[in-house]
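What follows is a single structure, written as structure tokens, with notes after it.
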Amino acid sequence: MVKIDLKGQVKEFESGITPAQVAKSIGMGLYKSACAARIDGKTCDLRTPITEDCALEILTFEIEDGKKAYWHTTSHILAQAVQRLYPGTKFAIGPSVDTGFYYDFDLLSPISMEDLPKLEDEMKKIIKEDIAIERFEFSPEEARQEMAGQEYKQELIDEHAGNGEKISFYRQGDFEDLCAGPHLMSTGVVKAVKLTAITGAYWRGDSAQKMLTRIYGVSFPKQSLLEEHLQKMEEAKKRDHNKLGRELELFTTCDLVGQGLPILLPKGARIVQLLQRFVEDEEQKRGWLLTKTPFMAKSDLYKLSGHWDHYLDGMFVLGDPEKDKEVFALRPMTCPFQYQAYLNKKRSYRDLPLRYDETSTLFRNEASGEMHGLIRVRQFTISEGHLMCRPDQLEDEFKSCLELTTFMLKTLGLYEDVSYRFSQWDPNNREKYIGTTEQWDEAQGVMKKILDHLEIPYSIGIDEAAFYGPKLDIQIKNVFGKEDTLITIQIDQMLAEKFGMEYTDKDGSQKNPYIIHRTSIGCYERTLALLIEKYAGAFPLWLAPVQVKLLPIADRHLDYLYEVKKALEDKGMRVEIDDRSEKIGYKIREAQLEKVPYMIVAGDKDIENNTISVRHRSEGDLGSMTLAAFVEKAVSEIDSKEIK
């Protein structure tokens, strides 16, 4: 017998019982909706035999890991449909992602969006057949025989073979695939499916490798949920920053410049400038000291920091390490540079905490398949900071960093959209990290204590830590549901020692400070993308690149509005005048499409009464008022950073 803790209620079952059988014993409703299980915190198959006492959670579609299993199973259904319709296809990978699933195929002949309905129909046949899904294991040698002729699978098998473990496979009828799982019990559990896109994708995201065909899709337990999702996706397309940002002339891209290197146009550059000034001023109020460090450094600096060994693939290297006496690299982060500022002179315990910040332009060699608009780019600017402190100051300083990010998120209107992830190391992936197990246990223990004390609601991300320490990642999703990290706060007790950073403590001994790596608003390009999508381009007044549009009814009203323009600009407002010979209705519609917060219309009556007629983009006609009254209203809205 085994004792199983079901959310606080302990029950006894026969040893070897599976989560699926446990779910059925609780009720058929739970059994039918079960997608996967979590045993002692580890996600697994519903088929997994339970042979020891444990805590068990049944994962349904509403739970993130259950949804992943659901979508991953659907990717295999897609692969089976491709196998049936396109014999000779070679299969790559088919994971679940934040917005559904995809599978990469090496097809004998190209297919297009017009072919997706046929594939969908075949998937529906496979679902209707309700094929049982089985899990089994092979030795690496057996796995290679099983996947004969599948070169991508052979490569994956070779990678796993070194672990000395058997390789797991899943079979559903005439289709099988090597896969870690978990998967649903049968294909019939999937109720509604839609293939959404088809693109090219390099194998392993490497442009030197072959271009494969990637098919995206999504699935749900109910048709109504699928229809609701598709409606949301249509709305998301309207808010997509990649589309809307170009239409509003905020940014552009150019093949001649290169992928992942966006060009901010005047309006987009103005928004970023406003954000940077706001951040730098706020950081200064909170005791941060501004630095300005080089964009590049010799490889020696990165070798000392560990980036050369642990991050080289993500760096742009200038020179040939095999031939050149000196090799430089563009900086992927600012930390080793700001450490040199700390090392500029000897430090005492009285000097700490020491807070350095910088508006840093960074360079990261992102894979071509990963880049997207402003969200993931190769050159970006970040509100970066590094804080050196004593152990007794660590919690208060971490809290102050978190308070700063919370203030920023609330001001921008993004606070309700974020979630928190405690990113930890993976002791089974030692090559990725520096330091000892004891150092990691200490750093993660300190961070857990702080997060729990501050009552931060976080999930845990294993193998998501920086190579030198754990971090709190503040996560956010774009309009399509793709999750990215917006802000990080990291605890580091290793790099200070590597760089020889010390301070003289009260007893005269030399000690290494703790370092907190943090951003306060994250990457400005990514933040701009999220703001475009959040507000559908209709930015709050304080951030709007053009705050007021002046619209004369006729040419004779231009002189009056030029006086208004000067008065508003004297108050620091960003103003444009539409002096085209167009009808006023057309001008208003154009200003609305440009998402300008306020429009001021002037005609004969306004000039006669020395007033202006004011419109707001969402509130409509606000009536006639004096210029002084409008200025007071607008300046108050700007100063308070009101969102409306």
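The values are calculated or read from the model by the stated rules, or taken from the named source; none is laboratory data. Just so it is clear, the model here is predicted, and its values are computed rather than measured. All Cβ positions, glycine included, derive from the backbone under ideal geometry; neighbour counts span all protein chains shown. Side chains are part of the model used for accessible areas, which takes the heavy atoms of the whole protein and leaves out ligands, DNA and RNA. Shrake-Rupley method; radii C 1.70, N 1.55, O 1.52, S 1.80 Å.
Given in Å, the Rg to one decimal and the Dmax to the nearest whole number for the Cα atoms of the range 412-484 are 13.8, 41. Near the amide H of R214, within less than 5 Å, lie the amide hydrogens of F105, T199, G200, A201, all on another chain or at least 5 residues away, with H placed in the peptide plane. From Cα pairs below 8 angstrom and at least 6 apart in sequence, can you work out the relative contact order of the range 244-354, rounded to a whole percent? After rounding, I find 18 percent. Distant-in-sequence amide contacts of I93, defined by a placed amide H-H separation under 5 Å and a gap of 5 or more residues or a different chain, comprise D104.
Applying 0.36 nm per residue to the separation of T437 and E151 and subtracting their alpha-carbon distance, the gain on full extension is 99.2 nm. Phi angles across the range 229-235 convert, under the Karplus curve 6.51 cos²θ - 1.76 cosθ + 1.60 with θ = phi - 60°, into 3J(HN,Hα) values of 5, 5, 5, 4, 5, 5, 5 Hz, Gly and Pro given as x.
Taken over the range 43-137, the convex hull of the Cα atoms encloses 130 Å³ per residue. So what's Rg/Rh here for the range 313-361, counting alpha carbon atoms and using the Kirkwood radius for Rh? Rg divided by Rh gives 1.13.
For the range 287-369, applying the loop criterion from DSSP together with a ceiling of 11 other beta carbons within 10 Å to the trypsin sites (Lys or Arg not before Pro) yields K292, K323, K325, K345, K346.
Within the range 265-373, list the GluC sites (Glu not before Pro) lying in a DSSP loop whose Cβ has at most 10 other Cβ atoms in a 10 Å radius.
Those that pass, being in a loop and sparsely packed, are E322, E326.
A simple spin-label model places the labels of Y420 and L107 4.6 nm from each other, with each point 7 Å out along Cα-to-Cβ. Within a straight-line Cα-Cα reach of under 22 Å, K3 can be paired with the following lysines, leaving aside sequence neighbours fewer than 8 residues apart in one chain: K11, K24, K42. Full extension of the chain between E590 and F13 yields a length gain of 200.8 nm, computed as 0.36 nm times the residue separation minus the alpha carbon distance. Computed from the C-beta positions of A236 and S348 and an R0 of 41 Å, the FRET efficiency is 0.15 to the nearest 0.05.
A helix-only calculation puts the chain at -10500 deg cm²/dmol for mean residue ellipticity at 222 nm, using -39500 (n - 2.57) for each DSSP H run of at least four residues, averaged over all residues.
Here the spin labels are modelled as points 7 Å beyond Cα on the Cα-Cβ line, and at R277 and A161 they lie 6.2 nm apart. Ligands, DNA and RNA excluded, the heavy atoms of H229 present near 30 Å² of accessible surface to a 1.4 Å solvent probe. On the basis of the beta-carbon distance and an R0 of 56 Å, K303 and S624 show a calculated FRET efficiency of 0.25. FRET efficiency for the pair L318 and M28, taken as 1/(1 + (r/R0)^6) with r the Cβ-Cβ distance and R0 = 51 Å, rounds to 0.20.
Backbone N atoms of the range 508-543 closer than 20 Å to the 7 Å Cα→Cβ label point of E403 belong to residues 515-522.
Say the cut-off is 28 Å between C-alpha atoms; which of K210/K471; K303/K346; K32/K68; K267/K482 go over it? In this structure, K210/K471 lie more than 28 Å apart at Cα. How many angstrom lie between the Cα centre of the range 492-512 and the Cα centre of the range 414-464? Centre-to-centre (Cα) distance: 23 Å. So what is the relative contact order of the range 293-418, in percent, for Cα pairs below 8 Å that sit 6 or more residues apart? About 22 percent, as a whole number.
Quick one: divide the alpha-carbon radius of gyration of the chain by 2.2 N^0.38 Å and tell me what you get.
Values: Rg = 28.8 Å, N = 644, 2.2 N^0.38 = 25.7 Å.
Taking N as the residue count of the chain, the ratio is 1.12.
A simple rule links phi to the HN-Hα coupling: the Karplus curve 6.51 cos²θ - 1.76 cosθ + 1.60 with θ = phi - 60°, which for the range 333-343 gives 7, 9, 3, x, 6, 5, 4, 5, 5, 4, 7 Hz, with x for Gly and Pro. Measuring nothing but protein heavy atoms, the accessible surface of the chain at 1.4 Å probe radius is 48 percent carbon and sulfur. Our coupling estimate for the range 269-283, obtained by passing each phi through the Karplus curve with A = 6.51, B = -1.76, C = 1.60 and θ = phi - 60°, is 5, 5, 4, 4, 4, 4, 5, 5, 4, 4, 5, 4, 5, 5, 5 Hz, Gly and Pro reported as x. Per residue, the range 380-420 exposes 35 Å² of accessible surface when a 1.4 Å probe is rolled over the protein heavy atoms with every protein chain present. Distance between the pseudo-spin-label points of L256 and S640 (7 Å out from Cα toward the beta carbon): 4.8 nm.
Each peptide in 371-382, 454-465 was scored by the mean count of other Cβ atoms within 10 Å over its residues; highest first, the order is 371-382, 454-465.
Looking at the range 17-89, the GluC sites (Glu not before Pro) that sit in a DSSP loop and have at most 14 other Cβ atoms within 10 Å of their own Cβ are E52, E62. Taking 18 Å as the straight-line reach from the Cα of K605, the aspartates and glutamates in range (excluding those fewer than 8 positions away in the same chain) are D555, D559, E563, D621.
Proximity of backbone amide H atoms, modeled 1.01 Å from N, is registered between A602 and L551, I553 at under 5 Å, excluding neighbours fewer than 5 places apart on the same chain. Dipole of the chain computed with +1 at Lys/Arg Cβ and -1 at Asp/Glu Cβ about the Cα centre; of G100, W308, T519, farthest Cα towards the positive end is T519. Pairs of Cα atoms nearer than 8 Å and 6+ residues apart set the relative contact order; for the chain it is 9 percent.
Of the three principal axes defined by the Cα atoms of the range 187-290, the extents in descending order read 60, 38, 30 Å.
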